[in-house]
Amino acid sequence: REIMEGLNSQQAARANVYARQGENQGVLTLLSRDGVEVSSAPFVFVSDRDYTAPPPAPDVRVPGLTYDPEANTYRLALAIANSQQVGQLVLSLEETDGGKTVFSEELNPQGRETLETDFSAASLTPGENYTVFIRAVDPDGFMIERPDTGGFNDNDRTILTSKEFTHEPPVVNGVPFGIRSVNPDFTTKSLMVTLDLPETLPSRLIYQGFILDADTGSEIQTIPQALLESRQVAVSMAPVIADLEAPKELRLALTLETTGDEPQQTSQEFDFKIVPPKKPSIFVRAADALQQNPIFVVLIIAFVALFFGFRYMQSRRVASQMAEIRRPPVNKTSTIQPVMPQQVPGGGTPRPRLRLRILRTTGGEAGREMIVESFPFVIGRKEGNLVLAEDTRMSRKHASIVARNGQLVIEDLKSTNHTYVNGRQLQPGESALLTGVTTIRFGPDTEIQVEPYPV
């Protein structure tokens with residue numbers, strides 16, 4: 001019986017590997033359901049020949065989506081890595097909330113790494129949210145799947161990338177424009193933004209905007225109002241961008257506004273990637289500084305000599321003092337009793353309170369503060385204790401702050417555009433503990449900050 005139970009408890013692990021001929025090494029790791037490593041063990045296996053790994057899967061990105069109000073069309077820019085593995089790209093446009101397909105189209109990349117296509121906005125409703133989905137088939141006609149299991153839309157791995165947007169045609173008197181490119185200049189620590197503008201422009205145009213994290217949608221830098229003087233704008237890099245040490249996907253949201261009695265605004269977004277230059281090592285920079293300023297060498301030598309001389313004299317003084325130290329009498333020592341924490345009257349748990357501040361949102365609610373004492377506290381577009389009706393990207397009831405065992409928790413109410421806690425996306429219905437100062441974002445446009453408020 002014990003032998004049968006042992007045989008029945010055995011498990012088999014399988015994986016496709018591309019081994020080299022001869023002896024190969026591997027490691028088998030066991031993880032619990034919550035992703036914690038339980039155990040791991042190395043093993044050795046022998047292959048009778050070399051196995052060639054398949055070519056890397058294609059990587060498709062959407063660096064830009066711009067609207068042409070004169071033609072009432074959108075221009076979609078695609079960047080394709082390993083495009084030789086793609087036979088056809090399948091583009092589909094769907095309503096974000098209802099999932100209804102507006103149209104679909106097949107594109108032939110023909111081995112190109114960049115591709116642009118236009119689609120009509122005649123059937124789109126102003127103010128509605130839409131999502132562009134990009135799928136692909138290989139040269140043999142089979143659907144291509146993403147190699148990873150994380151990220152967006154785990155239920156459909158044939159979606160290689162997507163782009164969500166709100167159809168917001170500019171006002172009649174606004175200035176139509178597009179963002180052609182965003183190029184970093186780390187020498188001047190600025191971003192050079194090139195704009196597509198009509199030939200005829202108003203005498204005065206004001207621009208302003210934001211730079212966002214393309215992955216989380218959180219704001220990184222504010223671009224203050226300034227007068228537009230040419231078709232190229234130089235935006236000073238915020239320190240968090242100038243000091244990047246690894247490539248980063250960012251999004252520029254820019255608004256042009258006319259001046260006069262009835263100013264009109266037009267807005268566009270553009271995704272771009274920052275690749276910081278390789279910095280010289282500290283030794284190279286130090287050597288260059290010494291070559292340019294030889295007097296520093298003399299100062300360094302003098303400083304080192306003074307330092308070691310000071311340390312030598314200090315060690316002699318300490319040794320002399322230690323020789324004079326005597327053990328204090330035991331009967332002269334005393335014990336300090338620890339201070340016990342005060343108990344809450346009645347032995348109960350204090351009722352939590354919260355300070356809430358609106359950092360940004362559409363409309364005029366930004367900067368508003370309140371003290372929250374009653375829970376649950378619901379935030380939404382149409383229902384709840386905090387209603388932000390002008391943010392059309394929030395759900396009717398987006399999220400709720402609840403008190404559990406004296407602690408505060410934020411719970412996503414199965415929202416459409418998700419809830420983010422300190423940049424981390426919550427799954428629909430997921431909760432997260434609120435500790436200390438916490439930033440919470442509802443969709444792409446509304447962000448609040450909460451912190452405990454003393455009782």
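The values are calculated or read from the model by the stated rules, or taken from the named source; none is laboratory data. Model, not experiment: these values are computed from the prediction. Here the Cβ positions follow ideal geometry from the backbone for every residue, glycine too, while neighbour counts run over all protein chains shown.
When residues of the range 124-142 are filtered for being of a type in the set (D, E, K, R), surrounded by 14 or more Cβ atoms within 10 Å (Cβ to Cβ) and part of a loop (DSSP other than H, G, I, E, B), how many remain?
Selection size over the range 124-142: 2.
Could you say which residue among GLU249, GLU257 is assigned to a strand (DSSP E or B) and out of contact with any Pro (no Cβ under 8 Å at 6 or more places or on another chain)?
Of GLU249, GLU257, the one residue that is assigned to a strand (DSSP E or B) and out of contact with any Pro (no Cβ under 8 Å at 6 or more places or on another chain) is GLU249.
Quick one: GLN208 ticks every box in (1) out of contact with any Lys or Arg (no Cβ under 9 Å at 6 or more places or on another chain); (2) more than 23 Å from GLU168 (Cα to Cα) except a single one, so which number is it?
GLN208 satisfies all of (1) out of contact with any Lys or Arg (no Cβ under 9 Å at 6 or more places or on another chain); (2) more than 23 Å from GLU168 (Cα to Cα) except (2).
Hey, among the residues in the range 191-244 that are aliphatic (A, V, I, L, M) and part of a loop (DSSP other than H, G, I, E, B), which one's farthest from SER162 (Cα to Cα)?
LEU201
What are the residues in the range 166-179 that are modelled with pLDDT under 90 and not in a loop (DSSP other than H, G, I, E, B), if any?
GLY178, the sole residue that qualifies.
If I filter the range 39-62 for residues that are charged (D, E, K, R), assigned to a strand (DSSP E or B) and either in contact (Cβ under 8 Å) with a residue 40 or more places away in the chain or out of contact with any strand residue (DSSP E or B) (no Cβ under 7 Å at 6 or more places or on another chain) (or both), do I get at least one hit?
Yes, the range 39-62 has at least one match.
Table: residues versus (1) closer than 23 Å to PRO277 by Cα; (2) exposed (fewer than 13 other Cβ atoms within 10 Å of the Cβ); (3) in contact with a strand residue (DSSP E or B) (Cβ under 7 Å, 6 or more places away or on another chain).
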{"site": "VAL182", "(1), (2), (3)": "yes, no, yes"}
{"site": "LYS189", "(1), (2), (3)": "yes, no, yes"}
{"site": "MET192", "(1), (2), (3)": "yes, no, yes"}
{"site": "LEU195", "(1), (2), (3)": "no, no, yes"}
{"site": "LEU201", "(1), (2), (3)": "no, no, no"}
{"site": "GLY217", "(1), (2), (3)": "no, no, yes"}
{"site": "THR222", "(1), (2), (3)": "no, yes, yes"}
{"site": "SER230", "(1), (2), (3)": "no, yes, no"}
{"site": "VAL233", "(1), (2), (3)": "yes, no, yes"}
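For GLN268, work out the one condition from (1) of a type in the set (S, T, N, Q); (2) part of a strand (DSSP E or B); (3) surrounded by fewer than 18 Cβ atoms within 10 Å (Cβ to Cβ) it doesn't fulfil.
Failed condition: (3).
In this structure, is LEU212 within 30 Å of THR258 (Cα to Cα), outside the structural domain of GLN427 (by TED's automatic domain parsing), surrounded by 13 or more Cβ atoms within 10 Å (Cβ to Cβ) and out of contact with any strand residue (DSSP E or B) (no Cβ under 8 Å at 6 or more places or on another chain)?
Judged against the criteria, LEU212 is not a match.
If you check every pair at least six apart or on different chains, which have Cβ atoms under 7 Å apart with a residue in the range 431-455 that is free of Cβ contacts under 8 Å to residues at least 60 places away in the same chain first and a residue that is β-branched (Val, Ile, Thr) and outside any strand (DSSP E or B) second?
Listed by first residue and then by second, the contacts come to nothing, as the list is empty.
Do you know which of the residues in the range 367-400 that are assigned to a loop (DSSP other than H, G, I, E, B) and of a type in the set (S, T, N, Q) is surrounded by the fewest Cβ atoms within 10 Å (Cβ to Cβ)?
It comes out as SER374.
Given the criterion on the phi > 0 side of the Ramachandran plot and either modelled with pLDDT under 90 or outside any loop (DSSP other than H, G, I, E, B) (or both), identify the matching residue among GLY346, GLY364.
After applying the criteria, what remains is GLY346.
Sort out which residues of the range 253-298 are modelled with pLDDT of 85 or more and over 16 Å from TYR207 (Cβ atoms), and write them in order of number.
Within the range 253-298, ASP271, PHE272, LYS273, ILE274, VAL275, PRO276 meet the criteria.
Taking the range 401-420 as the region of interest, how many residues are touching an Asp or Glu at 6+ places or on another chain (Cβ under 9 Å), in a strand (DSSP E or B) and surrounded by fewer than 20 Cβ atoms within 10 Å (Cβ to Cβ)?
Selection size over the range 401-420: 2.
Residues that are touching a Lys or Arg at 6+ places or on another chain (Cβ under 8 Å) and either more than 30 Å from HIS167 (Cβ to Cβ) or in a loop (DSSP other than H, G, I, E, B) (or both): does the range 15-24 have at least one?
yes
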